[in-house]
Amino acid sequence: MNLMICALQLFLVCIVYAQDEHATPRGTPMKFKTPQLSDEEMHSNFMPELMECDACKAIAKKMWNTFDKFNSVHKKYKYNLPESEILDLEEKICESESFENFGLKLVDDKKRLTGPGTDVEHKAGVMQGGGKWPNRMSSMCDNYIEKIGDTEIYDEYKNNKKSRKAFIQYLCFGSGVLGKCTRVKDEL
């Protein structure tokens, strides 16, 4: 009976490994390349257009997480923060120091912005970080607050306080300043 159970377990393990067609075979060395930067990616003070969607989603996640953490600690407000608190939170969110761990990474032969909150944060690869990336992220974050409005962004969080995904959808998949992912979502 034990032999039959062992054979069945071995069979199931083989099925699982056979189904994972994208798995790297054991013993196969992984190769990583450093992303080759264009002039815009190296020198511009603004976020390169192809990185705007990744940046928007990271900023949206950072905003939602910061608002959510603040509200879980300060329950007395019941999500109705004074404007001064909203301004303080958004100022901290958009500081360039809070984006120091961002950079470019080559993922599936495409340059992607990586850092906390990005879709490719945990994908293997060599990150080219530092440089202008923290200031670009900070500038883009400040631009959202300036164009949309500090209380409007927080109000949208309040409307989506149970769904970070809905907040990201609002900030990144709309139109105009809110459409950074709309024009590139098919490319990613």
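List of remarks:
- Cα-based equivalent ellipsoid, the stretch 44-178: semi-axes from gyration tensor eigenvalues, Å: 26, 15, 14
- Of 75/147; 78/180; 57/161, those spanning more than 23 Å from alpha-carbon to alpha-carbon: 75/147; 78/180
- Cross-link reach is defined here as a Cα-Cα straight distance under 13 Å, omitting same-chain residues fewer than 8 places apart; for residue 105 the aspartates and glutamates meeting it are 41, 54, 119, 121.
- Once backbone amide H atoms are built at 1.01 Å from N, residue 118 has no partners under 5 Å, excluding neighbours fewer than 5 places away on the same chain.
- Per-residue ³J(HN,Hα) for the stretch 63-72, Karplus 6.51 cos²θ - 1.76 cosθ + 1.60, θ = phi - 60°, Hz, x for Gly and Pro: 4, 4, 4, 5, 4, 5, 5, 4, 5, 6
Readers should treat all values here as calculations from the given coordinates under stated rules, not as data from a laboratory. All values derive from a computational prediction rather than experimental measurement.
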